[in-house]
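Accompanying notes for the structure given below.
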Amino acid sequence: MRPTPEQLSSLSRFERVAFNVADLLSQPKLSPVSAAWNSVVMGALIWSCGSRRLNVHGLEHLSALGKKDSVMLVANHRSFFDFFSITAILYWRTQLTKRIFFPVRSSFFYDHPLGPPVNFAMSGMRMFPPVMREKEKKAFNHYSVARCIEELNRSDVGTVLGLHPEGTRNKGADPYAFLPAQPGVGRIALGCIRARVIPVFVLGMGQSIPGEVRMNVLAADENPVDMYFGPPIDFTDLKPKANMLTTQKLASERCLDAIRSLADQQRRHAAIRDGRDPDAIEPLPRSRVRVRGGANAVEASANESASA
C-alpha cells in the first residue's frame, strides 16, 4: 500500500524522502537485511544491557506461532529501549518472523537530518510507518493506520507490529500509573484479521546505555528487567462496530487493561522477590469503559473524548 498523492503532499520534502527509504526497506525481500542488522547490532546492545537482568514470563503464549504468523504486540512504554528488549526476546526465544515494525512519532526520526541514520542504526529502519504530530498531516496518519492493518493481514508473510496504547512514553514516577489509551491502537487491533493481539508489560530498562551496561555487569540482581507476555486479547464482540470511534477507544482500553493484568502479576512476583507479602498488594484499577448489550450497544465512560 502506498499513500495517495494528497497524503504525501502534506509531508515536507525531507519527510517524503525519509518515508520512501523506510518504505523500500520494509519490502519482505529486504527483511533479511534489517533482521541481520538487528540480530548483530541491537542484539549485542540488548545483551550488554540486560542479558543477566532479564526475567521473562508468558512466552508459552507465543510458542505455537511460526514465521508465517502475524502478531500485534501492545505494551506499556517506560523506556526508549522497551521494544528493543522485547524484539531481542522474540529473536532469541521464539520462532516468530524477524519482520518487525514499530510505528513511531515523526519527530526526529523522519523530520531531522540525523533521524533516518539513527533509525537505521537502532532498528534497521524498522521504526515505521511514521505518525505525524501536526494536525495538517492527519491525512497521512490515516494511511499509517491502514498500512499497519494491511501488513498484519498479509497472507504471504508474517509480521510483528509493536504499539503502545498510551501513545507516547510515560515519564511519570509511578510505573503502574498508565496514560489514557488512544483509539488508534484499537482501530488497528479491530482491523487486523489474521494477527493475534498480545499484551506485554515490561519494567526495569532505563534510558542510559552506559548505565544499563553497568547494572548488567555489576548489579544484575538488584536491577532486574521484568517482561510479561499475556494471552491473546479477544475483540470478537467489538468487531461488528469496528468503524465507531467509541468501539476503537474501547478496544484500546481493553489492550491497556490486559497490560494492567500483567503489571499485577509483575507486582506480586516482585513482592515475593523482595520478601514482601504479595497478598497485601491491591489490584490495579481497570478501565471504566465497558460494553453493554453486546456488539449492538457499545457504551463508554464519559471521559472517552480522546481524538483519533
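The values are calculated or read from the model by the stated rules, or taken from the named source; none is laboratory data. Nothing here was measured: the structure is a model prediction, and the numbers come from that model. Reconstructed Cβ throughout: ideal geometry from the backbone, glycine too, with neighbour counts over all protein chains shown. Areas reflect the complete protein model, heavy atoms only, side chains present, ligands, DNA and RNA absent. Shrake-Rupley method; radii C 1.70, N 1.55, O 1.52, S 1.80 Å.
Observations on the model:
- Subset tally (residues that are more than 21 Å from residue 261 (Cβ to Cβ) and in contact with a Lys or Arg (Cβ under 6 Å, 6 or more places away or on another chain)) for region 157-197: 2
- Residue pairs whose Cβ atoms lie under 6 Å apart, separated by 6 or more positions or on different chains, with the first residue in region 147-170 and touching a residue at least 12 places away in the same chain (Cβ under 8 Å) and open to solvent by 40 Å² or more (accessible area, probe 1.4 Å) and the second aliphatic (A, V, I, L, M) and part of a loop (DSSP other than H, G, I, E, B), are 150/1; 153/193.
- When we screen 83, 14, 109 for residues that are over 25 Å from residue 203 (Cα atoms) and either in a helix (DSSP H, G or I) or in contact (Cβ under 8 Å) with a residue 12 or more places away in the chain (or both), the only hit is 14.
- Verdict on residue 200 being out of contact with any Lys or Arg (no Cβ under 7 Å at 6 or more places or on another chain), in a strand (DSSP E or B) and either at pLDDT 95 or above or surrounded by fewer than 23 Cβ atoms within 10 Å (Cβ to Cβ) (or both): yes
- Qualifying residue in region 189-212 (condition: among the basic types (Lys, Arg) and over 19 Å from residue 80 (Cα atoms)): yes
- Check on residue 20, without any contact (Cβ under 8 Å) to a residue 40 or more places away in the chain and under 22 Å from residue 114 (Cα atoms): yes
- A residue that is in contact with a helix residue (DSSP H, G or I) (Cβ under 7 Å, 6 or more places away or on another chain), among the hydrophobic types (A, V, I, L, M, F, W, C), farther than 25 Å from residue 65 by Cα and without any contact (Cβ under 8 Å) to a residue 24 or more places away in the chain occurs nowhere in region 118-127.
- Per the conditions (1) touching a Pro at 6+ places or on another chain (Cβ under 9 Å); (2) open to solvent by 50 Å² or more (accessible area, probe 1.4 Å); (3) not in a loop (DSSP other than H, G, I, E, B), the sole criterion not satisfied by residue 143 is (2).
- Selection from region 204-249 of residues that are open to solvent by 10 Å² or more (accessible area, probe 1.4 Å), among the polar types (S, T, N, Q) and within 22 Å of residue 76 (Cα to Cα): 207, 208, 223, 246, 248
- Here residue 261 clears all of (1) open to solvent by 10 Å² or more (accessible area, probe 1.4 Å); (2) assigned to a helix (DSSP H, G or I); (3) farther than 14 Å from residue 58 by Cα except the condition numbered (3).
- Cβ-Cβ contacts under 7 Å between residues 6 or more apart (or on different chains), taken from a first residue in region 195-207 that is in contact (Cβ under 8 Å) with a residue 60 or more places away in the chain and at positive phi to a second residue that is of a type outside the set (Gly, Ala, Ser) and open to solvent by less than 10 Å² (accessible area, probe 1.4 Å), are listed as 204/53; 204/225; 204/226.
- Among the residues of region 27-69, those that are at pLDDT 95 or above, among the aliphatic types (A, V, I, L, M) and over 19 Å from residue 82 (Cβ atoms) comprise 64, 65.
- Residue count for region 100-156, restricted to those that are farther than 14 Å from residue 188 by Cα and touching a Gly at 6+ places or on another chain (Cβ under 6 Å): 2.
- Region 45-68, subset in a helix (DSSP H, G or I) and open to solvent by 50 Å² or more (accessible area, probe 1.4 Å), residue nearest to residue 143 (Cα to Cα): 61
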